[in-house]
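What follows is a set of notes on a single structure, which appears directly below.
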Amino acid sequence: MEFLEKIKEIITKFTDGKINLAIAESCTGGYISNMFTNISGASKVFERGIICYSNASKVALLNVDPESINQHGAVSETVAKQLANNIRVLSNVTIGIGITGIAGPTGGTLEKPVGLVYIGISTSVKTIVEKHHFDVDRITFKAKILEKILLLLQNLIQ
């Protein structure tokens, strides 16, 4: 369980640094939040996780601009950035994470293939978004996203 060891390390460092986080998950359906809460002591840093699977939930729960979804689609850099920033602000935390993608095996297009994901990380200083494509099954897709998020978080605390 390499993931759990990495999460435990992040939780310890975030606890020491008084850093907390919240996660807005679309395509991962709560997987990232679940993995964090598998670690004892997570409550010291993990404030909340929101599953915003539908477009309506992205708008209603996280104030994503519906025009952004209309113009760019739910799976876009713009929406990932809003998810990350808005969950951070609404939750009053140090770090916000926003995830939107296409887990498949259906739902992809030529422009936005199955396996596409945007991961946003927001702090009070800046919000960055990474675009990735993982040509794997749904469960592995979620694990790959977790792996990328852990790397991003580890880079923030180094």
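Miscellaneous remarks
- Calculated from backbone phi, Karplus (6.51, -1.76, 1.60) coupling profile of the range 5-20 in Hz, x at Gly/Pro: 5, 5, 5, 4, 4, 5, 4, 4, 5, 5, 4, 4, x, 6, 9, 10
- Size descriptor, Kirkwood hydrodynamic radius, that averages inverse alpha-carbon separations across the range 52-98, Å: 10.4
- Integer Hz, Karplus 6.51/-1.76/1.60 couplings in order for the range 88-100, x for Gly and Pro: 5, 5, 5, 8, 6, 10, 6, 10, x, 10, x, 10, 8
- Antiparallel bridges, percent of DSSP beta bridges restricted to the chain (to nearest 5): 55
- Remark: the chain carries a charge dipole of roughly 280 debye about the Cα centre, counting +1 on each Lys and Arg Cβ and -1 on each Asp and Glu Cβ.
- DSSP-assigned coil residues among trypsin sites (Lys or Arg not before Pro) in the range 1-81, each with at most 16 further Cβ atoms within 10 Å: Lys18
- Charge dipole of the range 2-157 about the Cα centre (unit charges at C-beta), most positive-ward option of Gly30, Ser122, His72: Ser122
- Residues Phe3, Phe46, arranged from fewest to most other Cβ atoms within 10 angstrom of their Cβ, appear as Phe3, Phe46.
- Residue of Pro105, Pro113, Pro66 that the Gaussian network model of the chain assigns the largest fluctuation, springs spanning Cα pairs under 10 Å: Pro105
- Tensor-based shape of the range 1-44 (alpha-carbon gyration tensor, a/c under 1.5 rounded, otherwise prolate or oblate): oblate
- Selected from Gly101, Gly29, Gly120 as most flexible by GNM, with the chain as the system and alpha-carbon contacts under 10 Å: Gly29
- By the equivalent-ellipsoid construction on the alpha carbon gyration tensor, the chain comes out with semi-axes of 24, 18, 13 Å, ordered largest to smallest.
- By the beta-carbon count within 10 Å of each Cβ, the least crowded to most crowded order of Thr109, Thr12, fewest first, is Thr109, Thr12.
- Annotation: amide H-H contacts under 5 Å for Gly49 (H modelled 1.01 Å from N, sequence separation of 5 or more, or interchain): Ile23.
- Checked against a 21 Å cut-off, the cross-linked pairs Lys81/Lys142; Lys6/Lys58; Lys13/Lys58; Lys44/Lys131 give Cα-Cα distances beyond that limit for Lys6/Lys58; Lys13/Lys58; Lys44/Lys131.
Bear in mind these aren't lab numbers, they're just calculated from the coordinates by the rules spelled out. All values derive from a computational prediction rather than experimental measurement. Note: ideal-geometry Cβ built from the backbone for every residue, glycine included; neighbour counts use all protein chains shown.
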